[in-house]
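This report refers to the structure that appears directly beneath it.
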Amino acid sequence: MDFKGYKSYADLFLIVMLVHSFYMINQIGNPLFVDGLFKYYLPFLPVYFLKIFGITIVYWTNSYVVLLALFLIGYNFFKSNNIKMVNFSLYYKYLPTIISFCSSFFFIYGLGNIFNGLYKRGIVQLLLGVVFDVMYFYWSYSYWALPFNQFIGNTAIVYSGILLVSYSVYVTYDTGICTLCKYYDEHYPKFSGLNIDN
């Protein structure tokens, strides 16, 4: 498998992750699922915290770790198969994807690619993220007075949350691919159909 082969594999994995996001819509709408998931958090986390971060907690435990593992496997694949690469430190090898991964939990997107030196790409991702953030927090504010179980299962909250988290998965994926492209001397992929950095 060469770089293009790995890229195709990563693209397929992204599709699987996004399909998983839509599957989770039905699960979050299920009261039994909500009760089972959040009963471990409610005793020690404030309800207002869970209302803000509840959707991302679900995906943090279900999607992000798997997505991050994809890139760790990818880096090790290139290394073990002696595919030519530019020498760079471990710090730069993993940090952009980890930055993107962690900052997305706090509704901030594009920081990983800004760290990569892809400033236009990072700013575009940041601005798009602000749009999705405004949508999510608008609906959160609108239904804030609802009891927690009704709030977290509300259709508007679920769909805006799924959109937000699907975008964060995509940005984390894009950051990892851009890091690979940067250090394996490949062209950067388009972001949402836009040729930003080549």
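Some points to look at:
- Tally of residues being open to solvent by 10 Å² or more (accessible area, probe 1.4 Å), of a type in the set (A, V, I, L, M) and closer than 18 Å to Ile15 by Cβ across segment 143-172: 1
- Residue in segment 173-189 that is open to solvent by 50 Å² or more (accessible area, probe 1.4 Å) and modelled with pLDDT under 80 present: yes
- Leu194 being open to solvent by less than 50 Å² (accessible area, probe 1.4 Å), aliphatic (A, V, I, L, M) and within 23 Å of Lys120 (Cα to Cα): no
- The set of residues in segment 127-142 that are of a type in the set (Ser, Thr, Tyr) and either under 12 Å from Gly110 (Cβ atoms) or surrounded by fewer than 16 Cβ atoms within 10 Å (Cβ to Cβ) (or both) comprises Tyr138, Tyr141, Ser142.
- In the set (1) over 24 Å from Asp11 (Cβ atoms); (2) open to solvent by 10 Å² or more (accessible area, probe 1.4 Å), the condition left unmet by Lys120 is number (1).
- Selection status of Leu146, without any contact (Cβ under 8 Å) to a residue 24 or more places away in the chain and within 14 Å of the chain's Cα centre (by Cα): no
The values are calculated or read from the model by the stated rules, or taken from the named source; none is laboratory data. As the structure is a computational prediction, the values presented were derived from the model and not from experiment. All Cβ positions, even for glycine, are placed from backbone atoms using ideal geometry, and neighbour counts span all protein chains on display. For accessibility, only protein heavy atoms count, side chains too; no ligands or nucleic acids. Shrake-Rupley method; radii C 1.70, N 1.55, O 1.52, S 1.80 Å.
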